[in-house]
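Shown next, in structure tokens, is the structure this report addresses.
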Amino acid sequence: MKLVRWKRFAWDLTKLPAFESRLPSAFNIRAASRDEEKTVHQVIFTAFGLDTAWGDSIRLVREFVESQLAASFAHRAVPCLVLTHGTRIIAASALNVNDDAPSHLISGPCVLSEYRSRGIGTTLLHESLEHLKAAGLATAHGISKENVPASRFIYPKFESTNVEFDFEGLLTAK
């Protein structure tokens, strides 16, 4: 069995730096609607599934993310952001706005593979952090595998800090 190391990233939302997206006007970020749950689910798990770095851990996180995603869409105001290209949802970030949540970024910014490396993940992360700040959180957390692209290129942005984290322990503590 391969050893998987996890990181828990933290952002001080009271000191969240400003960020100006450079995405073209054809891209739009908005809150997901309740009737988009199936599409959001598909985008998130397609993004995970097509990223080979998650291959050895996807079964482990799938149940956690699915239950958290279902809970997210059960709220009156769905705490999930989507990024669209025209009318197509190409990225999503499901959020947990509970202050004591182990991870406020349920899925993290998930971008379909054909749209990666364009600043979409960074833009969606910043918008997610702004949304969590507006929900009253002072600190936001996100959990990710140590060597996946999100941990290496996206989550370190916006003055985050990180520590090793026992994600498997979190799952078995339920």
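Being in a helix (DSSP H, G or I) and out of contact with any strand residue (DSSP E or B) (no Cβ under 6 Å at 6 or more places or on another chain) is a description that applies to Ser67.
When the stretch 108-131 is filtered for residues that are in contact with a Leu (Cβ under 9 Å, 6 or more places away or on another chain), of a type in the set (Val, Ile, Thr) and part of a helix (DSSP H, G or I), the ones remaining, listed by number, are Ile120, Thr123.
Annotation note: Cβ proximity below 6 Å between a residue of the stretch 48-62 that is in contact (Cβ under 8 Å) with a residue 24 or more places away in the chain and a residue that is of a type in the set (Gly, Ala, Ser) (sequence gap 6+ or interchain) occurs for Leu50/Ser113. For the stretch 71-88, a residue qualifies if it is crowded, with 16+ Cβ neighbours inside 10 Å, modelled with pLDDT of 95 or more and either part of a loop (DSSP other than H, G, I, E, B) or more than 15 Å from the chain's Cα centre (by Cα) (or both), and exactly one does: His85. Residues that are part of a helix (DSSP H, G or I), in contact (Cβ under 8 Å) with a residue 60 or more places away in the chain and out of contact with any helix residue (DSSP H, G or I) (no Cβ under 6 Å at 6 or more places or on another chain) occur at least once in the stretch 15-28.
Every residue, every condition in (1) surrounded by 21 or more Cβ atoms within 10 Å (Cβ to Cβ); (2) at pLDDT 95 or above; (3) more than 21 Å from Glu20 (Cα to Cα); (4) of a type in the set (S, T, N, Q), yes or no:
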position	(1), (2), (3), (4)
Arg118	no, no, no, no
Leu125	yes, yes, no, no
Ser128	yes, yes, no, yes
Lys133	no, yes, no, no
Gly136	no, yes, yes, no
Ile143	yes, no, yes, no
Glu146	no, no, yes, no
Pro149	no, no, yes, no
Glu159	no, no, no, no
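Checking each residue in the stretch 132-170 for being within 14 Å of Ile106 (Cβ to Cβ), touching a residue at least 60 places away in the same chain (Cβ under 8 Å) and either in a helix (DSSP H, G or I) or more than 17 Å from the chain's Cα centre (by Cα) (or both) picks out Leu132, Phe167, Leu170. The set of residues in the stretch 64-89 that are under 21 Å from Gly121 (Cα atoms) and not hydrophobic (A, V, I, L, M, F, W, C) comprises Glu66, Gln68, Ser72, Pro79, Thr84, His85, Gly86, Thr87, Arg88.
The values are calculated or read from the model by the stated rules, or taken from the named source; none is laboratory data. For clarity, every value in this text was computed on a predicted model and none was experimentally measured. Please note: Cβ atoms are built from the backbone with ideal geometry, for glycine as well, and neighbour counts cover all protein chains shown.
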